[in-house]
Amino acid sequence: MTIEVEVQAVTSFEPVPDQQAFARWAGAALQGHDSAIVTVRLVDSEESRGLNSRFRGVDRPTNVLSFPAGLPAEIGIPLLGDLVICAPLVEAEALEQGKSPTDHWAHLTVHGVLHLLGYDHEESLAAREMEAIEVRVLETLGIANPYD
């Protein structure tokens, strides 16, 4: 399995996880896939808010946005897509929820990768399926169920 993860840290917020951490978390979510290329862009609240407003019609920052590449298989490039993660919001949520910031970063990375793979949580059945997969993947990383 070849998983390539490029991290673009354009946030002034520190500390943020390193490239190896994102590669490990994305790789765990991509078990069973031969290869994938994912870009993770770490942003501040302003950029997150702008993207969330433009692409989802919600005028506030959000923790993670997923942008699937949607390339046809015949192209032969395993580009899965891009994740945009709002660094200050991830840290604030972890503190507010009493979670380890590292565990929350991992959870949001796994969550975002699952969106790139086509999972969603718009309907309750789909949400339960996605959450169950997240819990299983996070367990392989030694991270407790974030929904408990």
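Just so it is clear, none of the values below were taken in a lab; they were calculated from the coordinates. Since the structure is predicted, the reported quantities are computational estimates derived from the model, not experimental observations. Quick reminder, even Gly has a Cβ in these numbers, built from the backbone with ideal geometry, and neighbours come from all protein chains shown.
The table for this structure:
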| quantity | calculated |
| --- | --- |
| Structure-derived Rg and Dmax of the Cα atoms in Å - corresponding label in (i) 32.8, 110; (ii) 16.3, 52; (iii) 14.6, 45 | (iii) |
| Qualifying GluC sites (Glu not before Pro) in segment 21-130, DSSP loop, other Cβ atoms within 10 Å at most 16 | 122, 123 |
| DSSP-defined beta bridges in segment 2-140 - what % are antiparallel, rounded to 5 | 25 |
| Contact order normalised by residue count of the chain, Cα under 8 Å, 6+ apart, percent | 23 |
| Footprinting exposure proxy for 6, 134 (fewest neighbouring C-beta atoms within 10 Å first) | 6, 134 |
| Length released on extending from residue 128 to residue 8, taking residue separation times 0.36 nm less the Cα-Cα span | 40.1 nm |
| Residues 105, 25 arranged by fewest to most Cβ contacts within 10 Å | 105, 25 |
| Value at 222 nm in deg cm²/dmol, rounded to 500, when DSSP H runs of n ≥ 4 in the chain each add -39,500 (n - 2.57) | -14500 deg cm²/dmol |
